[in-house]
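Note sheet for the following structure.
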Amino acid sequence: MENFTRQIEQARVRLEQMQLLAQEFSSPSPDLLQQVFGELSTALEELHVATEELQEQNQQLLSTREQVEIERERYQKLFEEAPEAYFVTNAVGVIEEANAAAEQLFNLRRPFLIEKPLAVFVGLEERSAFRSQLEQLITAGPLTEWEVQMLPRDRESFPAAISVSKVQDIQGNPMGFRWLIRNISDLKEAEKNRQELAMQRELHLMKSRFIQILSQEFRTPLNTIHLCTQLLERYSDGVKQSKRSPIFEKIRGAIKQMSLLLDDILIFNGDKDSSCFKPFQFDLEKFCLKIIEEYQHLYNPGDRSINFQATGDYHSVCINTKLLRHIFRNILSNSFKFTPENSEITVLLQCEKTQIILKFHDQGVGILPADLPHLFNIFYRGNNVGDIPGSGLGLAIVKKSVDLLGGEISVESTLGVGTTLTITLPTPPRSQSPLLKKSLPSPPLE
């Protein structure tokens with residue numbers, strides 16, 4: 001077009017020059033006329049060529065326009081028939097375009113969507129955060145998965161996954177945004193069902209393992225009772241009372257062991273909380289020494305010894321004895337299992353004004369650092385226990401008991417050196433002791 005305009009201008013200038021030459025002569029010479037006709041002929045040819053070029057360029061322009069229109073219609077069709085909700089907004093988030101799926105998603109006809117801020121369809125509790133995120137989109141890149149709670153008209157809110165990309169001009173300046181919004185309620189529900197199914201499978205495995213452990217743990221005391229009963233049936237008439245007593249003692253010990261195992265299992269009863277375990281006033285040192293004596297009698301610790309030390313006012317402590325027994329007995333059991341013979345286990349009791357501190361230190365195999373985060377999980381056993389028997393319940397029972405008493409537990413361990421468990425349990429202040437003595441019952445006989 002510029003070339004055509006330039007050629008016309010050149011022809012006009014030539015004609016003006018010819019006119020000036022013609023005015024200088026009263027009657028133009030044949031040479032001048034021939035020159036004029038020649039110039040006009042040349043100008044006409046140039047105009048003809050320029051016209052053809054212009055027509056060709058115009059044809060190309062029309063072809064390009066048709067292609068652009070085809071692409072626009074194709075884009076518009078894809079935009080309109082897309083199964084997910086698509087929006088186009090300006091730079092401040094006001095809706096400029098929306099497809100049919102967007103109408104269905106927000107339960108609102110298109111004329112009522114256009115020129116409305118997209119933020120009005122976001123749940124109230126997330127609207128402020130949405131606006132802040134929108135302001136950051138100007139400088140940020142596309143968000144591949146932005147989850148927001150959306151609020152359609154006259155319907156319940158739903159979780160939505162949003163993908164956003166910029167609309168830019170030729171210079172790369174942001175003009176607006178394209179939004180893809182998907183209702184992910186079904187995905188959320190499917191994930192919830194998957195998690196519930198996984199939990200059910202885990203519970204099933206735990207139940208199966210629990211039954212297996214119960215059968216193993218109860219088999220030993222039951223076999224002891226069965227054997228002792230057979231001995232009494234066969235030889236009771238000819239056996240003196242002095243020889244019967246050890247047999248009866250073994251039966252009583254096996255029954256006691258089974259009773260303690262049942263108590264351990266019942267600690268995981270989900271219906272129980274700390275209110276089910278009443279505190280008692282008692283002498284904590286005597287209580288600990290009694291448990292140590294019972295343990296040594298029931299479980300035959302071999303050449304391992306226990307060094308017990310107590311400090312503070314341990315003669316009048318108020319705490320639940322049943323839970324404390326769970327803690328003490330299961331930690332002792334673990335200490336003896338993983339401590340080699342001819343080793344010492346140290347138990348330190350420190351009674352303070354509003355808390356008691358129990359420390360159990362053994363000289364066992366130690367705990368791997370990777371096992372420490374899972375140490376109190378039910379059925380969990382360390383990766384370095386080898387062939388040492390166990391159920392994986394002991395420390396889980398300890399943690400449950402400590403939690404019910406409102407206490408804390410910490411672990412320090414060095415491989416090949418030993419492990420120290422520190423348990424801190426809250427107790428009523430000593431100033432309340434006279435009242436507690438009058439109001440609280442004595443601990444039950446166990």
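The values are calculated or read from the model by the stated rules, or taken from the named source; none is laboratory data. Here the structure is a predicted model, which is why all the values come from computation and not from measurement. Cβ placement follows ideal geometry from the backbone for every residue including glycine, while neighbour counts extend to all protein chains displayed. The area values use the complete protein model at the heavy-atom level, side chains included, leaving out ligands, DNA and RNA. Shrake-Rupley method; radii C 1.70, N 1.55, O 1.52, S 1.80 Å.
Quick notes on this one:
- Listed by first and then second residue, the pairs with beta-carbon distance under 7 Å, at least 6 apart or on different chains, first residue in the range 360-377 and farther than 7 Å from G418 by Cβ, second assigned to a helix (DSSP H, G or I), are F360/I331; F360/S335; V365/F338; L375/L395; F376/L395; F376/A396; F376/K399; N377/A396.
- Residues in the range 85-95 that are open to solvent by less than 70 Å² (accessible area, probe 1.4 Å) and out of contact with any helix residue (DSSP H, G or I) (no Cβ under 7 Å at 6 or more places or on another chain): V88, N90, A91, V94.
- Considered as a group, the residues in the range 375-403 that are open to solvent by less than 30 Å² (accessible area, probe 1.4 Å) and not in a loop (DSSP other than H, G, I, E, B) include one that is farthest from T427 (Cα to Cα), and that residue is G394.
- Pairs, first β-branched (V, I, T) in the range 93-113, second open to solvent by 20 Å² or more (accessible area, probe 1.4 Å), C-beta under 8 Å, six or more apart: V94/E115; V94/K116; V94/P117; I95/I114; I95/E115; I95/K116; I95/P117
- Looking across the range 116-141, the residues that are among the acidic types (D, E) and either at pLDDT 90 or above or under 20 Å from I184 (Cβ atoms) (or both) come down to E125, E126.
- Number of the exception - A98 against (1) touching a Lys or Arg at 6+ places or on another chain (Cβ under 7 Å); (2) surrounded by 14 or more Cβ atoms within 10 Å (Cβ to Cβ); (3) farther than 21 Å from D169 by Cα: (3)
- Meets criteria (out of contact with any helix residue (DSSP H, G or I) (no Cβ under 7 Å at 6 or more places or on another chain), among the hydroxyl-bearing types (S, T, Y) and at pLDDT 80 or above) for S29: no
- Residues in the range 179-194 that are open to solvent by less than 100 Å² (accessible area, probe 1.4 Å) and either out of contact with any Pro (no Cβ under 9 Å at 6 or more places or on another chain) or over 14 Å from Q149 (Cα atoms) (or both): W179, L180, I181, R182, E189, A190, E191, N193.
- Verdict on A82 being at pLDDT 80 or above and surrounded by 14 or more Cβ atoms within 10 Å (Cβ to Cβ): no
- Set P434, P426, P444: member being touching a strand residue (DSSP E or B) at 6+ places or on another chain (Cβ under 9 Å), over 30 Å from E202 (Cβ atoms) and at pLDDT below 85: P444
- Residue in the range 310-333 that is among the charged types (D, E, K, R), at negative phi, at pLDDT below 90 and open to solvent by less than 50 Å² (accessible area, probe 1.4 Å) present: yes
- Among the residues of this structure, V164 counts as one that is open to solvent by less than 40 Å² (accessible area, probe 1.4 Å), modelled with pLDDT of 85 or more and out of contact with any helix residue (DSSP H, G or I) (no Cβ under 6 Å at 6 or more places or on another chain).
- Being within 27 Å of the chain's Cα centre (by Cα) and either modelled with pLDDT under 80 or open to solvent by 80 Å² or more (accessible area, probe 1.4 Å) (or both) is a condition met by at least one residue of the range 151-160.
- Taking the numbered list (1) open to solvent by less than 70 Å² (accessible area, probe 1.4 Å); (2) outside any strand (DSSP E or B); (3) modelled with pLDDT of 70 or more in turn, H48 passes all entries but (1).
- Test: residue in the range 312-331 that is in contact with a helix residue (DSSP H, G or I) (Cβ under 6 Å, 6 or more places away or on another chain) and more than 26 Å from Q281 (Cα to Cα): no
- Qualifying residue in the range 296-303 (condition: more than 16 Å from P426 (Cα to Cα), at pLDDT 80 or above and open to solvent by 30 Å² or more (accessible area, probe 1.4 Å)): no
- The set of residues in the range 350-374 that are surrounded by fewer than 20 Cβ atoms within 10 Å (Cβ to Cβ), aliphatic (A, V, I, L, M) and within 21 Å of G407 (Cα to Cα) comprises I357, L372.
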